Amino acid sequence: MSSSLQSAPTRSVCRLTLFLSAGFTLAVVTGCAGGGAAELSARPRPQALTAATVSVPRDGRLSIALSAFSKRAGLSGQVAGDATAAAEGRGELTLNVTGGGSADGALQLGHAFSNDSDRQVELDLAIRFSMELSTTVETAAIEGDATLRARLYVRDGANRLLRAIDVTGFAATHGSLKRTTRESQQLTLTLGPGQGAQVFLGIDAAADTLRSERSASLTVRITDFVVDASTRPAPGAAGDGR
């Protein structure tokens, strides 16, 4: 996939508990809304939950670091941009349309885990990152001139979407802006033996002025993306000492 109003840093916390067992999946969510760059184009290699605590990318590279970019210039327009994602925990997406054209891109950063033990475990995750968003649109801009949606996604080991949690969004009708935030999400996953989870930030962005020949630009930059994971026996699971 690869302005000047400053907003105060934001912090949002929600709890997601997944009960995964033979034959069914039940997701219980409190305080979140869900959708986005939800499809992974490559199947990540999961990290076995053998250690009690792990922090990625400090203890190893992210297993999900994907980006995409495409563009189309109008008859009298110019389009430029790029998308990059690095397993060290950073990504950047830039769209720049001048005088009519369209561009879109996506970023995905995250990690995959698997429970290779013979008992049910609870996986506590803390995902945090910094997001820089900069946009420039014309005064008469309409919503479709530039849009962005960032969400946190959870997929199971079979790549089925379990949840999509809103992080932030933008439409050109909001006007030009520059914003930097520090984001944080906390999740608790309950995984049965042999089951896995893929947790990742997905960002979709687009600029489309083909019909109007207006100009629009959008840049989103992700830095310091970290997934802290800790495990413990699930309540009532065999071997948890109860």
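The values are calculated or read from the model by the stated rules, or taken from the named source; none is laboratory data. Keep in mind it's a predicted model, so treat the numbers as computed, not measured. All Cβ positions, glycine included, derive from the backbone under ideal geometry; neighbour counts span all protein chains shown. SASA here: full protein model, heavy atoms, side chains in, ligands and nucleic acids out. Shrake-Rupley method; radii C 1.70, N 1.55, O 1.52, S 1.80 Å.
Results, tabulated for the structure shown:
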{"quantity": "Per-residue SASA entry for S176, accessible area with 1.4 Å probe, Å² rounded to 10", "calculated": "60"}
{"quantity": "With all protein chains modelled, accessible area of R163 [1.4 Å, Å²]", "calculated": "60"}
{"quantity": "Cα-projected label distance for T180 with A48, points at 7 Å along beta-carbon direction, nm", "calculated": "4.2"}
{"quantity": "Solvent accessible area, Å² - K71, 1.4 Å probe, full protein context", "calculated": "130"}
{"quantity": "Sites E39 and D82, calculated FRET efficiency, Cβ-Cβ separation with R0 25 Å, nearest 0.05", "calculated": "0.75"}
{"quantity": "Order by protection proxy (mean Cβ within 10 Å, highest first), peptides 79-87, 205-213, 91-99", "calculated": "91-99, 205-213, 79-87"}
{"quantity": "Distance between modelled label sites at I142 and R58, nm, 7 Å Cα→Cβ extension", "calculated": "4.9"}
